[in-house]
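Throughout, read-outs are computed from the coordinates displayed, never taken from laboratory work. Everything numeric in this text was worked out from a predicted model, so none of it was measured. FYI the Cβ positions are ideal-geometry reconstructions off the backbone, even for glycines, and counts take in every protein chain you see.
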Amino acid sequence: ERGGYPHFMLKEIHEQPKAIRDTLLGRVSPDLSRVTLSELKWPEGFVKEIDRIHIVACGTAWHAGLVGKAVIEQLSGIPVEVDIASEYRYRDPIQTPNTLVIVISQSGETADTLAALREAKRRGRRVLAITNVVGSSAAREADDVLVTWAGPEIAVASTKAYTTQLVALYLLALYFAQERGRVSQDELHAILKGIDGLPQVAEQVLDTAPQIERFAKDWAHASDTFFIGRGLDFSVALEGALKLKEISYIHAEAYAAGELKHGTLALITDGVPVIALAMQDALYEKTVSNIKEVTARGAFVLGMTWVGDEELQKSVDQVIYVPHTLPLLAPIAAVIPLQLLAYYAAVARGNDVDKPRNLAKSVTVE
Ligand code: BG6
């Protein structure tokens, strides 16, 4: 049942190219000129009237929501807020009649996320669920559903659900942009071409597994680690840190790279391992200066950048190179080595990878 893999988590990490491909199937025109989300039965004119979006989720799905916010705002111009479900349901959020609420949940059964969904419905909002389980409560109770076709995710630590949630959010952002006339045909085509290439990018990133396994053996001895990045890289850093904490039990903190010097830098001392993501071309120089701030204090830095970048290696101790895609799509490429790092560190520490302590796959109580 684990298909020859020692753990479900490793199997699911390796299933990501297929999961991404399946989630794209039938949603992009063959000539890569349009997004078609025929499952969305939105009333005539609704897409043009949406004036804000609230994304609500827990855990890994919340991290996907953070990427979703950046991408939807950038492409469609619609203002987006992202909330942790257990916060949203109690905070009396300001909604307009044309606020679209998007809940993201792999299982579709997370109690806090469902409560937020129900509260939004009670207030008369239209709710879209992005979920991996077709018959789940979220799928049944939402007005519309975008299914992520990741297939069953057994390991508690979420991997392929996250990457397919990102794919769903990219498609949705492009759909908004297309329907609201916010994107030129050329730009739409360029991004869709990038999205179409993501399964192959994911396959190539998986080839780094043996290298990551070697890095993870050192990492497994750490007690405190930091993940830094800017922009979308920061959202991925949060997810990478969560993976490491969930299954290896190594303390990890994700920081917006520019925020370190506002306090946290005191915790970077000799030998502290730092993972630095430098995938956002427009922010590259700024990130490198932040890397220098931590190396100056003795940090041991594992950097991540695109294949072909000759620069980063000069500022860090080790580098992971991932195949090129658009910086907008970098989270899909960047998260996979971080999933592998967490996995191999947990294995090296002898942990029960698929069933980590104190965690449940789906939390159906508050
Ligand atoms: C947590 C799981 O309890 O729920 C996480 O341990 C998960 O892995 C989170 O990301 C949210 O779950 P779901 O099913 O709502 O996406």
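Which shape class applies to region 1-108: rounded if a/c is under 1.5, otherwise prolate when a/b exceeds b/c and oblate if not, where a ≥ b ≥ c are the square roots of the Cα gyration tensor eigenvalues? It comes out oblate by the Cα gyration axes.
Cβ crowding within 10 Å ranks 63, 221 as 221, 63, fewest other Cβ atoms first. Highest mobility in the GNM of the chain, judged by mean-square fluctuation with C-alpha springs under 10 Å and restricted to 108, 194, 26, is found for 26. Between 155, 345, 64, the Gaussian network model of the chain with springs among Cα atoms under 10 angstrom shows the greatest mean-square fluctuation at 155.
Taking region 260-366 as the region of interest, the number of lysine pairs whose Cα atoms are within less than 21 Å, with members eight or more places apart or on different chains, is 4. Between amide H atoms placed 1.01 Å from N, distances below 5 Å from residue 56 occur with 83, 102, 103, 104, all of them 5 or more places distant or on a separate chain. Please report how far the C-alpha centroid of region 90-137 lies from that of region 33-77, rounded to the nearest whole angstrom. Going from one Cα centre to the other spans 13 Å.
Exposure proxy shown here: for 310, 141, the number of other Cβ atoms within 10 Å sets the order, fewest to most, as 310, 141. Coupling constants for region 306-317 follow from the phi torsions by the Karplus curve (6.51 cos²θ - 1.76 cosθ + 1.60, θ = phi - 60°), and in residue order they are 7, 3, x, 6, 8, 7, 4, 4, 6, 10, 10, 8 Hz; glycine and proline get x. In terms of the Cα gyration tensor, with a ≥ b ≥ c the square roots of its eigenvalues, is region 209-312 rounded because a/c is under 1.5, prolate because a/b exceeds b/c, or oblate? Note, shape of region 209-312 comes out rounded.
For residue 48, the lysines whose Cα comes closer than 22 Å to its Cα, not counting residues fewer than 8 places off in the same chain, are 69, 121. Mind checking which of 50, 228, 191 has the largest fluctuation in a GNM of the chain, springs on alpha carbons under 10 Å? Looking only at 50, 228, 191, the biggest GNM fluctuation is shown by 50. Between 0 and 90 degrees, rounded to the nearest ten: what's the tilt of helix 160-179 against the longest Cα principal axis of the chain? Tilt relative to the chain: about 50 degrees. Helix 185-196 and the longest principal axis of the Cα set of the chain meet at an angle near 60°. Classified by the C-alpha gyration tensor, region 46-201 has an oblate form. Its axis ratio a/c, with a ≥ b ≥ c, is 1.5 or above, and a/b does not exceed b/c.
Angle of helix 59-76 to the longest C-alpha principal axis of the chain, folded into 0 to 90 degrees and rounded to 10: 70°.
Expressed as a whole percent, the proportion of Cα-Cα pairs in the chain lying more than 34 Å apart is 24%.
Each of 87, 119 has some number of other Cβ atoms within 10 Å of its Cβ, and from fewest to most they run 87, 119.
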